[in-house]
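Asks: Mind having a look at this structure? Questions to follow.
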Amino acid sequence: MEAVQENVNPIRILVAEDSTTQRQIIRSVLTHEGYNVIMANDGIEAITQALHECPDLVVLDIEMPKMNGYQVCRLLKDDHRTSHIPVVMLTSKSQETDKFWGLKTGADRYVTKDFKLTGLANTVQEILEHRGIKSGGVHSFSDNGTSGQQEVDVLSRVNELLDRKLYEATIINEISKLNTLSEDCGITVNSVLSVIAKVTDCFVCSVFFIEELEFIVHVHNPVGIDFFEESRLQAFEAATPFLRSGTNPGQVREIRDADPAFLEKENNASEMVRSVMTIPLKARSQTIALLTLTSPHRNAFSDDILRVLEIIEYPVSVVVDNARLHEGTRRLAMTDGLTRLFNHRHFYELLEQEFQRTRRYKTNLSMIMIDIDFFKQINDTYGHQAGDEILKELANVISREVREVDLLARYGGEEFAVLLPQTNLEKAREVAERIRKSVEKHEFDSLESTIKVTISIGVAGFPENMVNSQTELVQVADTALYKAKESGKNCVIIGGAD
């Protein structure tokens, strides 16, 4: 009692315990240490006292009538008025599962009862010292309701909490089960973005993969092209600090999931981006991607939505990272490491599929074979590193001149191949000529030199060249390419032409 007299404003500890004997023991132990003890007989009373008295620390028995200690702790930690108060769970249970659950509800410590409760005082002192609490607070919340009203209010808060936890768990489950949705990263991530858009009311949401320079964007509501472009810009700017110096938007591969009508100006339901939220997605202690949400509404991302985003951040990171790793493994097996185009083996697999589909449906299929002129001379003059840079840049130049449905591959060495489904020989010649001119005009900035490059091209088509297999189609295109090289280079030759 001497400590109580010296401390004008003693630390106040709320104790919730339904046993009269235990209450007396706990009061005696804590009072002896100089604490001001406030008693509650059950969980409902504990919540009411915590809101009214705003104690410096709460000790909760787990097994209590009306509401157990786990539920009280979760309610206290869920309310902004009491979430800062440290909580000690006090119980006769000693199983690790009970201790685990007690700490998961937000408790700071878990103390097992013994006959004299010798561990309680030490635990309380350690927590208070760690928190820097040296004297009791003076603030208390007003409470004008009757006991019956208080009980109804607390039970109402319990129901609200349970509803919200169920809602949050449902969202987490919806996202987590997408882990095995598809082998395609784009499909999986778009599905995740669709769930996020529904629960946050955002209009456009996206994931920007930092290392892969890949941008997957989901448009959830009609926004118009201006809003969409602003959303893309916001996402890129958010990612810029994580990107290599000199990276520009033109290097980013975009996968878009949007109803075309959502991007039409006449259907524009929003004028500008007024709310932006960006969340780093982390795996193995590094940021792998950025999740960006945009809305035309001011203050669109309320505290409730921020809470949801905080809760789903981890499961979203897990699903996105798994999809990314799976896609990376798949790409390694079918892409060229230097240019990131399809490799020779995978190109032949796609060619076989497309040739069989073309013959079955009696449509057209064309193939373009491309070879860099004087490439050995370039390597000898500027070095193989410069040659590699030219190959990578050439892949980008060709990519810009073909459709998304066309299949572009590094065929081998300095050769590239393009497969054009549902394209006749004349249209393929036009595409080849467009590619040739683009390469001829392009200045290749390789290391410290600017180099001009030309290409020779051979074109073949089915059924125009009357081939019977995909192998024959390749032979006709390859022969045409050889003729282009023999004809002075930097030209396009059609297969079968004299």
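The values are calculated or read from the model by the stated rules, or taken from the named source; none is laboratory data. From a predicted model like this one, the values you see are computed outputs, not experimental measurements. Using ideal geometry, Cβ is built from the backbone for each residue, glycine included, and neighbour counts are taken over all protein chains shown.
Asks: Going by the conditions given, is Phe208 closer than 26 Å to Arg330 by Cβ, in contact with a Lys or Arg (Cβ under 9 Å, 6 or more places away or on another chain) and either modelled with pLDDT of 90 or more or not assigned by TED's automatic domain parsing to the domain that holds Ala300 (or both)?
Replies: So Phe208 fails the test.
Asks: From Asp380, Asp388, grab the single residue that is outside the structural domain of Thr287 (by TED's automatic domain parsing) and touching a residue at least 12 places away in the same chain (Cβ under 8 Å).
Replies: After applying the criteria, what remains is Asp388.
Asks: Tally the residues that are surrounded by fewer than 18 Cβ atoms within 10 Å (Cβ to Cβ), part of a loop (DSSP other than H, G, I, E, B) and touching a residue at least 60 places away in the same chain (Cβ under 8 Å), restricting the search to region 179-235.
Replies: 5
Asks: Here is a follow-up. Given Lys437, Lys485, which one is part of a helix (DSSP H, G or I), free of Cβ contacts under 8 Å to residues at least 60 places away in the same chain and over 11 Å from Met367 (Cα atoms)?
Replies: Lys437
Asks: Of the residues that make up region 376-393, is at least one in contact with a strand residue (DSSP E or B) (Cβ under 9 Å, 6 or more places away or on another chain) and over 30 Å from Val453 (Cβ atoms)?
Replies: No: zero hits.
Asks: What number of residues within region 413-434 satisfy the criterion of being within 38 Å of the chain's Cα centre (by Cα), surrounded by 21 or more Cβ atoms within 10 Å (Cβ to Cβ) and touching a residue at least 60 places away in the same chain (Cβ under 8 Å)?
Replies: The total comes to 4.
Asks: For region 240-256, check the following and say yes or no: at least one residue is without any contact (Cβ under 8 Å) to a residue 24 or more places away in the chain and either among the aromatic types (Phe, Trp, Tyr) or at positive phi (or both).
Replies: Yes: region 240-256 contains one or more residues that are without any contact (Cβ under 8 Å) to a residue 24 or more places away in the chain and either among the aromatic types (Phe, Trp, Tyr) or at positive phi (or both).
Asks: For region 332-369, what are the residues that are over 13 Å from Leu407 (Cβ atoms), among the hydroxyl-bearing types (Ser, Thr, Tyr) and not in a helix (DSSP H, G or I)?
Replies: Thr339, Thr363 - these are the residues of region 332-369 that are over 13 Å from Leu407 (Cβ atoms), among the hydroxyl-bearing types (Ser, Thr, Tyr) and not in a helix (DSSP H, G or I).
Asks: Follow-up. Out of Asp304, Asp321, I need the residue that is more than 17 Å from Glu214 (Cα to Cα) and not small (Gly, Ala, Ser). Which one?
Replies: The match here is Asp304.
Table: residues versus (1) under 17 Å from the mean Cα position of the chain (by Cα); (2) at positive phi; (3) at pLDDT below 90.
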{"position": "Pro222", "(1), (2), (3)": "no, no, yes"}
{"position": "Ser285", "(1), (2), (3)": "yes, yes, yes"}
{"position": "Leu291", "(1), (2), (3)": "yes, no, no"}
{"position": "Pro296", "(1), (2), (3)": "no, no, no"}
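Asks: For region 283-331, give me each residue that is of a type in the set (S, T, N, Q), touching a strand residue (DSSP E or B) at 6+ places or on another chain (Cβ under 9 Å), without any contact (Cβ under 8 Å) to a residue 60 or more places away in the chain and not in a helix (DSSP H, G or I).
Replies: If the condition is that a residue be of a type in the set (S, T, N, Q), touching a strand residue (DSSP E or B) at 6+ places or on another chain (Cβ under 9 Å), without any contact (Cβ under 8 Å) to a residue 60 or more places away in the chain and not in a helix (DSSP H, G or I), then Asn299 is the only one that fits.
Asks: Within 21 Å of Arg345 (Cβ to Cβ), buried (at least 19 other Cβ atoms within 10 Å of the Cβ) and under 37 Å from the mean Cα position of the chain (by Cα): does that describe Leu394?
Replies: So Leu394 fits the description; yes.
Asks: Condition first: under 23 Å from Gly250 (Cβ atoms) and of a type in the set (S, T, N, Q). Now tell me which residues in region 188-216 satisfy that.
Replies: Result: Asn190, Ser206.
Asks: Please work out if Leu233 is touching a strand residue (DSSP E or B) at 6+ places or on another chain (Cβ under 9 Å), in the same structural domain as Ile312 (by TED's automatic domain parsing) and not hydroxyl-bearing (Ser, Thr, Tyr).
Replies: No.
Asks: How many residues does region 26-51 contain that are out of contact with any helix residue (DSSP H, G or I) (no Cβ under 9 Å at 6 or more places or on another chain) and either farther than 22 Å from Thr105 by Cβ or without any contact (Cβ under 8 Å) to a residue 12 or more places away in the chain (or both)?
Replies: Result for region 26-51: 2.
Asks: Within region 256-265, is there a residue that is loosely packed, with under 13 Cβ neighbours inside 10 Å, at pLDDT 90 or above, over 13 Å from Ser295 (Cβ atoms) and in the same structural domain as Glu313 (by TED's automatic domain parsing)?
Replies: no
Asks: Quick check, is Met334 within 24 Å of Pro421 (Cα to Cα) and in contact (Cβ under 8 Å) with a residue 60 or more places away in the chain?
Replies: No.
Asks: Scan region 150-169 and give yes if some residue there is more than 20 Å from Pro55 (Cβ to Cβ), in contact with a Ser or Thr (Cβ under 6 Å, 6 or more places away or on another chain) and at pLDDT 70 or above, otherwise no.
Replies: No: region 150-169 contains no residue that is more than 20 Å from Pro55 (Cβ to Cβ), in contact with a Ser or Thr (Cβ under 6 Å, 6 or more places away or on another chain) and at pLDDT 70 or above.
Asks: Next question. Considering each of Val320, Val273 in turn, give the residue that is surrounded by 19 or more Cβ atoms within 10 Å (Cβ to Cβ) and under 25 Å from Asp226 (Cβ atoms).
Replies: That would be Val273, the only listed residue that is surrounded by 19 or more Cβ atoms within 10 Å (Cβ to Cβ) and under 25 Å from Asp226 (Cβ atoms).
Asks: Residue by residue through region 76-106, note down the ones that are part of a helix (DSSP H, G or I) and modelled with pLDDT under 85.
Replies: Selection gives Asp78, Glu96, Thr97, Asp98, Lys99, Phe100, Trp101, Gly102, Leu103, Lys104.
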